[in-house]
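Trainee: Quick one: structure below, then a few questions.
The values are calculated or read from the model by the stated rules, or taken from the named source; none is laboratory data. Remember, predicted model here, so these are calculated numbers, not experimental data. As a convention, Cβ positions derive from the backbone with ideal geometry for all residues, glycine included, and neighbour counts pool all protein chains shown. Accessible surface is based on the protein model in full, side chains and every heavy atom, while ligands, DNA and RNA are left aside. Shrake-Rupley method; radii C 1.70, N 1.55, O 1.52, S 1.80 Å.
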There are 2 protein chains.
Amino acid sequence: LNRPALRDALRAIVGERHTLCEAADMKSYLADWRGAYAGSALAVVRPGSTREVSEVVRACARAGAPVVPQGGNTGMCGGAAPDTDGHSVVVALGRMNRVRAVDPLNNAMTVEAGCVLEAAQRAAQEAGRLFPLSLAAQGSCQIGGNLATNAGGINVLRYGNTRDLVLGIEVVLPDGEIWNGLRALRKDNRGYDLKNLFIGSEGTLGIITAAVLKLFPAAPQRATAMVALDDPAQAVALLAALQAACGATLCAFELIGRKCLDLVLRHRDAARDPFSANHPWYVLLELAAGDSATGLREGLEQAIAAAMEKGQLVDAVLASSLAQAAALWQLRETIPEATVANGPAFRSDIAVSTADVPAFIEAAREALRTRHPGSEMLCFGHLGDGNLHFNATSPPAADDWPRGVADTVYPLVERFHGSFSAEHGVGQAKRAELVRYKDAAEIALMRRIKSALDPAGLMNPGKVL
Amino acid sequence: LNRPALRDALRAIVGERHTLCEAADMKSYLADWRGAYAGSALAVVRPGSTREVSEVVRACARAGAPVVPQGGNTGMCGGAAPDTDGHSVVVALGRMNRVRAVDPLNNAMTVEAGCVLEAAQRAAQEAGRLFPLSLAAQGSCQIGGNLATNAGGINVLRYGNTRDLVLGIEVVLPDGEIWNGLRALRKDNRGYDLKNLFIGSEGTLGIITAAVLKLFPAAPQRATAMVALDDPAQAVALLAALQAACGATLCAFELIGRKCLDLVLRHRDAARDPFSANHPWYVLLELAAGDSATGLREGLEQAIAAAMEKGQLVDAVLASSLAQAAALWQLRETIPEATVANGPAFRSDIAVSTADVPAFIEAAREALRTRHPGSEMLCFGHLGDGNLHFNATSPPAADDWPRGVADTVYPLVERFHGSFSAEHGVGQAKRAELVRYKDAAEIALMRRIKSALDPAGLMNPGKVL
């Protein structure tokens, strides 16, 4: 690897100003936002166009330098951080942040990879449409990263994961060639589905440089409620009842364990328990509909009253103002920081079948109790998707923490035919889990595809596989 | 290729009774239902289990015999018919037709590949749920074929294509290995999306033997209307207005050209024009909602009245009974047979951006007029998906029919960045179009994947690529 020659080539492509080679300039690109994965690089480049990305990748391929694509660098698994070899070129997409086109009649918009999610949401809104992807990092994460990791979030129940929100993509392939798959079609059966192969591949098969995203009718009307429950089984029954009663207007259904609410109430002075009594479980739920829909709130009231009669919930609070709805959502959104403030914890992002959630929680709690005495379950998540952040506090004495809890929880997830990574991906963090828990036939298929598309293995090495 | 030895091996796997080698026994498996693609085979086998499929594929791989997977054999592009070499083994999945499990709380059901679509719909209905895939061949097409071709149909607008309705699949790979990807998870980010690679690959990468399908809340309430329009631009504006007003309850939005309605009225004695005057264009549309929803019909009436005021439609008929709704749907569903009865025609299955539909129709009609005088446009389709069956009658004198019209229409589709195959696939029928109109970079990627997964090229050769 001729480092000076490659740096010169990169400068010639993206310009001196956008080729960072000094440690101080590169610093913020070399570690993930939590500082858990820190590496080094030969250079960080900030290309301004797909053409430049293509030439950068081609130059790296010729020189034999690994390429690490990076968006907002908000991932949870170190997928955008380079390794410690110092041979990699980090390709930061942030300058490619344009909304290229919004087409409300086709319910589609074309954005570049570096477009911040919130900016994409705003562009849709200005056209009278909704781009429903919504997650905690939306103020800084970028669309390219959302696609590369198939991000989830709070609206998956109604609108699906990121891959369900994409009509087409543009990709720079490992040899630098550009595949322009920027279609705005809702039906296209001309051969293999390459789009979904790149979405969720975490930059290991190419660099997504732009995408055509699906838009939906705006849904500004909201009806929000928090309900109190005895156990997660009630939540699963309530979910089915609300889906039957409210159809596709049900867009969020978030499970919250009591211990999580306790931590939020302790962490944030302004937080108030919406109920006068303590309950072991809660669900925060929301309906959404267009401006002209009628009876959204009344429908929710009736459905909740019916569910209460059937014993599917214990108590309920319906937000009667936007401020009340916001206060309920703040309880949910404060959970991550409140649990961090509480001290070390095992954190997970698992999925099982929605119907299996109650049995899984019971089994996992029992395993925690017997194998990790003193550790307390911190469980919350997107119940409507079967996606739980099943976390656990550190016990008083813990030699193998948090590894030991992982070895308790993940095999249990496996027994329920679940996933150890529901929405966060694999990155560097969960490569060992991939090999340990994933079907060998599937890993072999993944390797064959990786070799076929990136024979030199230079696209984001050390991630996923 | 040792034919007797392979036949013996197949008999040993699936049994004498399910190994067909006589011409008379094989006949119905060797040509597509329209008789447009007729081939021959070494044998037709009817395996009864995934294990048997695996052993059949392994035996064929060892012997070097091509494998042709076949479901209900209702495809439009010859994807399930063997070639004329006579070396192929047709693997007919019809005996594997069980619904393995229905899980209403997880909104999922597991079915085998040979399950007829209508049986899958029924199983969902009996559990109080909806499996929304719906298309003309549903009484005989099989789930395996629906997945292999990523079938579309009339509910795509609301529920998506087949790939959007699948949580997991089981596949026998080209070497006979079984990949069990029968997950019932709504979120799973553990590596590459292999599921979507097999869905829509038309049996060229492996044989799908079972699937976990998504279910939805039952939506038995319907509000159905037919509206008359001056032009397709009104239809596009009306679609946007109804999506805004009626949200996700809008589940069908079918465009019908006057000439199609004429043919239906002539073909079917019982058919009646719902309007007293002639109009150049119509849309058949439907809302659907759960039992407890209120005001579905009133909402549609209001939305249609508002659209009429804005000049988005000329006249409207709302079905006031199930029988009236059925009569309207029968007009739409009779179009294919009425156009066939009318004589030879160029038939297509194209997609463009929904917003581009009016400009495309205008351009295609004009091209037809100037280049194929006497040929009349027969245009109908799923406007909500930008998917048109843009057909054209044979002109009085036509040397190069229907090839000549294809060479007029498809380049135009290309100019609109559209697809020459929206929902029917490629099969044998559209391989030339694939090479002619599809991006070279994309075809190269497809070939690399095909080689990586099926290096011997024995899975359904001569299809797609």
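Trainee: What does DSSP give for the protein assembly as shown in terms of the percent of beta bridges that are antiparallel, rounded to the nearest 5?
Mentor: Expressed as a percentage, antiparallel bridges in the protein assembly as shown total about 85.
Trainee: To the nearest 20 debye, what is the magnitude of the charge dipole of the protein assembly as shown about its Cα centre, counting +1 on the Cβ of each Lys and Arg and -1 on the Cβ of each Asp and Glu?
Mentor: Its charge dipole is roughly 1360 debye.
Trainee: Right, something else. For a test of the definition: using alpha carbon positions, the gyration tensor, and the 1.5 limit on a/c, classify segment A:417-460 as rounded, prolate or oblate.
Mentor: oblate
Trainee: Once you keep just the Cα pairs under 8 angstrom separated by 6 or more residues, what percentage relative contact order results for segment B:121-210?
Mentor: So the answer I get is 29 percent.
Trainee: Once a ≥ b ≥ c are taken as the square roots of the eigenvalues of the Cα gyration tensor of segment A:333-465, is the result rounded (a/c under 1.5), prolate (a/b larger than b/c) or oblate (a/b not larger than b/c)?
Mentor: prolate
Trainee: Given axes a ≥ b ≥ c from the Cα gyration tensor, I'd like to know whether the protein assembly as shown is rounded (a/c under 1.5), prolate (a/b larger than b/c) or oblate.
Mentor: It comes out rounded by the Cα gyration axes.
Trainee: Note down the nm distance, to one decimal, between modelled labels 7 Å out along Cα→Cβ at A:ASP273 and at B:ASP315.
Mentor: 6.6
Trainee: Next question, about the same structure. Averaged over its residues, how many other protein chain Cβ atoms are within 10 Å of peptide A:415-426's Cβ atoms?
Mentor: Shielding by partners across A:415-426 averages 4.
Trainee: May I ask you to order A:319-328, A:334-343, A:171-180 by the average number of other C-beta atoms within 10 Å around their residues, highest value first?
Mentor: Those peptides, ordered most packed to least, come out A:171-180, A:334-343, A:319-328.
Trainee: Which pairs break 24 Å Cα to Cα here: A:LYS195/A:LYS450; A:LYS259/B:LYS214; A:LYS27/A:LYS463?
Mentor: A:LYS259/B:LYS214
Trainee: Could I ask something else about it? For peptide A:131-138, how many partner chain Cβ atoms fall within 10 Å of a residue's Cβ, on average?
Mentor: Taking all residues of A:131-138 together, the mean is 0.
Trainee: Let me ask something else. Considering only the other residues whose Cβ falls under 14 Å of the Cβ of A:GLY181, what net charge follows from Lys and Arg at +1 and Asp and Glu at -1?
Mentor: -1
Trainee: Quick one: net charge around A:ALA81, please, counting Lys, Arg +1 and Asp, Glu -1 for every other residue with C-beta under 13 Å from its C-beta.
Mentor: Computed value for this residue: -1.
Trainee: Then there is this: If you place +1 on the Cβ of every Lys and Arg and -1 on the Cβ of every Asp and Glu, how big does the dipole about the Cα centre of chain B come out, in debye to the nearest 20?
Mentor: 1020
Trainee: Sorted by accessible area (1.4 Å probe), largest first, how do A:ILE143, B:ILE13 line up?
Mentor: Listed by decreasing accessible area, they come as B:ILE13, A:ILE143.
Trainee: Suppose a student asked you for the relative contact order of segment A:405-465, using Cα pairs under 8 Å spaced at least 6 residues apart; what percent would you report?
Mentor: 39
Trainee: Let me ask something else about it. Taking R0 as 41 Å, what's the FRET efficiency between B:ASP231 and B:ARG447 from their Cβ-Cβ distance, rounded to 0.05?
Mentor: E between B:ASP231 and B:ARG447, to the nearest 0.05, is 0.45.
Trainee: Another question about this same structure. Averaged over its residues, how many other protein chain Cβ atoms are within 10 Å of peptide A:192-203's Cβ atoms?
Mentor: 6
Trainee: So what's segment B:141-212 giving for Rg/Rh, alpha carbon basis, Kirkwood Rh from the mean inverse pair distance?
Mentor: Reported Rg/Rh, Kirkwood definition of Rh: 0.96.
Trainee: How far, in nm to one decimal, is B:GLY295 from itself in the other copies if the label point is set 7 angstrom along Cα toward Cβ? Shortest first, please.
Mentor: 0.7
Trainee: I'd like to compare B:256-264, A:382-390: which one has the highest average count of other Cβ atoms within 10 Å, and what's the full order after that?
Mentor: A:382-390, B:256-264
Trainee: Now for a different question. What does the charge count around A:VAL102 come to, taking other residues whose C-beta lies under 14 Å from its C-beta (Lys +1, Arg +1, Asp -1, Glu -1)?
Mentor: Residues close to A:VAL102 contribute a combined charge of +2.
Trainee: Let me know the Kirkwood hydrodynamic radius for chain B, please, with Cα pairs as the basis and the value in Å to one decimal.
Mentor: With all distinct Cα pairs of chain B included, I get 23.4 Å.
Trainee: Can I ask one more? For A:VAL111, what accessible area in Å² do you get when you roll a 1.4 Å probe over the heavy atoms of the protein chains, rounding to the nearest 10?
Mentor: 0
Trainee: Remind me, relative contact order of chain B in percent, using alpha carbon pairs under 8 angstrom and six or more residues apart?
Mentor: Relative contact order here is 15 percent.
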